[in-house]
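The values are calculated or read from the model by the stated rules, or taken from the named source; none is laboratory data. Keep in mind the model is a prediction, meaning the values are calculated, not measured. When we count neighbours, we look across all protein chains shown, and the Cβ atoms used for this are built from the backbone with ideal geometry, even at glycine. Please note that ligands, DNA and RNA were not included when accessible areas were found on the heavy atoms of the full protein model with its side chains. Shrake-Rupley method; radii C 1.70, N 1.55, O 1.52, S 1.80 Å.
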Amino acid sequence: MSVRVRFAPSPTGYLHVGGARTALFNWLFARHHGGTFILRIEDTDLERSTEESVRAILESMEWLGLDWDEGPGKEGPHGPYFQTQRLELYQRYARELLQKGRAYHCYCTPEELEERRNAALARGEAPRYDGRCSRLTPQEAERLAAEGRRPVVRFRAAGQGRTVVQDLIRGKVTFENEVIDDFVILKADGVPTYNFAVVVDDALMEITHVIRGEDHLSNTPKQIQLYEALGFALPAFAHIPMILGPDRTRLSKRHGATSVTQYREAGYLPEAMVNYLALLGWSLNATDQIFSRQELIEHFSLERVSKNPAVFDPKKLQWMNGVYIRRTELDRLVDLALPHLARAGLVPAEPSPAQREYVRRVVASLQTRVRTLEELAELGRYFFQERVEYEEEALPYLAEEYVPRLLASLAERLARVEPFTAANVEAVFAAVQEETGLSAGQVIHPVRSAVTGRKVSPGIYEVLEILGRARTCQRLKEGAEAAKKLSAARR
């Protein structure tokens, strides 16, 4: 059997990390088995679906590297791949169920249904459709239609017995049919409901494995009954665990960023996101955390997917992203960093070759120190700004009485250094320490504060070389003036 799986997002917003994890598991399963990965857009929520959301989903999938074999832009023999372009198919299979007696027209109005729902709740009963339209005579149906009522189509559920789901992750799950009422499969406007459309699509697209979140498990008995009523072969079902926030409640906006787009804009690398998402509910062993895409494909299996909820830990993702940043080839990292630097107003959108080379030196100095590209832009801000912004933690190093003279002296000495390299700068610092009796820290910390405005930076000699002679000396002079004011204020 050739494996065929699908990811079927609804384009009502950005791609959520939960959806991205579902897409990834399907993609890995298909690639592991040499199968087909299908992207289907379930856009039958006509009020909320937007073209912007479709673009955002496709861009997020492409950014993650989850290429699809059939779907938008890759038409195949089972298209179209937008549900709104498949309405005729759903209507055809609804007519088939009507002809078989497994479905019927329901003329109940929303107001009538709500009234009965409230009455059931008042009696302490679970609301469910009472099936009254299933017993209408042709004359009664004609009368209701003559009143201008537009009917929906309801599926005639089994009502008795049990529906068993043989889940590849959760094992055997049994549902009592009596709790499944006659549910709507086609709305009055001819648009299908989720449970009906997904069955028709999965069957016609020859999906062999339905891999999705466990929140869909409760829909599965309804879908199995539809498969059987339509004479479709059942796919294998696998319901993957939910993703929770650090407080072990369902992941939501209150936990911070939840869309793939947000993480991309914050400077996370796609390979880090893929690696981290793969570990949400799947593991190879207790120790390995870093996997290449090829290793994930090689080792992925549904047998290793956990039944337990997965906890999304932003700190762990940030750590993992830092690992990938350190491992990334420098020129690629520069390419990735440039849009973030441009968005921060630090470099032009289209830098010159000289500007790019300068960025390359800055990125190389910060590569081992940052966890995201956004953090790189923030921590490297002083490399690009004309004037230093002093952070509070750096000011104490400028407030000592000896600092103004030190900084002024260094500015004078460094102005004569040729060539202006880290090694030659270090030699000047060593000479100053020898002459003054100051420790390395007593020299380096004030200089760092003066030229970067920060308490922490890459190696100071490397920083000064990157900044260059003119900018370094100017900042030392400005730092000396700032130090005088701080020192006076302390007195």
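Think of it as helices only: each DSSP H run of n ≥ 4 in the chain is worth -39500 (n - 2.57), and spread over all residues that comes to -14500 deg cm²/dmol at 222 nm.
The angle between the Cα long axis of helix 469-490 and the longest principal axis of the Cα atoms of the chain comes to about 80 degrees, rounded to the nearest 10. Looking at the chain alone, DSSP beta bridges between its own residues are antiparallel in about 55 percent of cases. Global dimensions of the range 342-491 from alpha-carbon coordinates: Rg and Dmax equal 15.4, 49 Å. Overall, the ratio between the Cα radius of gyration of the chain and 2.2 N^0.38 Å, rounded to two decimals, is 1.37. Relative protection proxy for 262-271, 396-405, from highest mean packing down: 262-271, 396-405 (other beta-carbon atoms within 10 angstrom). Calculated on the Cα set of the range 284-341, radius of gyration then Dmax: 14.9, 43 Å.
The convex hull built on the alpha-carbon positions of the range 402-474 has an orientation-averaged projected area of 4.2 nm². To the nearest 10, the accessible area of residue 299 is 60 Å² with a 1.4 Å probe.
Please report the carbon-and-sulfur percent of the accessible area for the chain; probe 1.4 Å, protein heavy atoms only, DNA, RNA and ligands left out. Using a 1.4 Å probe with all protein chains present, the chain comes out at 49 percent carbon and sulfur. Shape annotation for the range 27-74: C-alpha extents along the principal axes are 38, 21, 17 Å, from largest to smallest. Of the trypsin sites (Lys or Arg not before Pro) in the range 22-96, the ones in a loop by DSSP (not H, G, I, E or B) with at most 15 other beta carbons within 10 Å are 48. Can you give the translational diffusion coefficient of the range 39-172 in µm²/s, computed by Stokes-Einstein from the Kirkwood radius over Cα pairs at 20 °C and 1.002 mPa s? Estimated via Stokes-Einstein, D reaches 112 µm²/s. Using 5 Å bins from zero, what percent of all Cα-Cα pairs in the range 228-337 falls into each bin? Histogram of Cα-Cα distances, whole percents per bin: 2, 10, 18, 20, 18, 13, 8, 5, 3, 2, 1, 0.
By the Cβ rule of 4.7 Å, the chain holds the following cysteines without a possible disulfide partner: 108, 473. In the chain, the longest principal axis of the Cα atoms and the axis of helix 314-327 are about 60 degrees apart. Value of Rg to Rh for the range 118-169, rounded to two decimals, is 1.13; Kirkwood radius and Rg both from alpha-carbon coordinates. Which of the aspartates and glutamates could a cross-linker span from residue 484 if the Cα-Cα distance has to be under 15 Å and same-chain partners fewer than 8 positions apart are dropped? Cross-link targets: 400, 401. Per residue, the chain exposes an accessible area of 48 Å² to a 1.4 Å probe, with every protein chain left in place. Calculated from the alpha-carbon coordinates, the range 160-298 shows an Rg and a Dmax of 18.6, 54 Å respectively. Please report Rg over Rh for the range 2-113, where both radii come from the alpha carbon positions and Rh follows the Kirkwood definition. So for the range 2-113, dividing Rg by the Kirkwood Rh gives 1.07. Principal axis analysis of the Cα atoms in the range 194-262 yields extents of 45, 23, 18 Å, listed in decreasing size.
To the nearest µm²/s, what D does Stokes-Einstein give for the range 256-410 at 20 °C and 1.002 mPa s, using the Kirkwood radius over alpha carbon pairs as Rh? Here the translational diffusion coefficient equals 118 µm²/s. To the nearest 10 degrees, how steeply does helix 87-100 sit against the main Cα axis of the chain, on a 0 to 90 scale? Tilt of helix 87-100: around 30 degrees. Set the bar at 22 Å for Cα to Cα. Now go through 74/222; 100/187; 253/307; 172/253 and name every pair that lies beyond it. Result: 74/222; 253/307; 172/253 exceed 22 Å.
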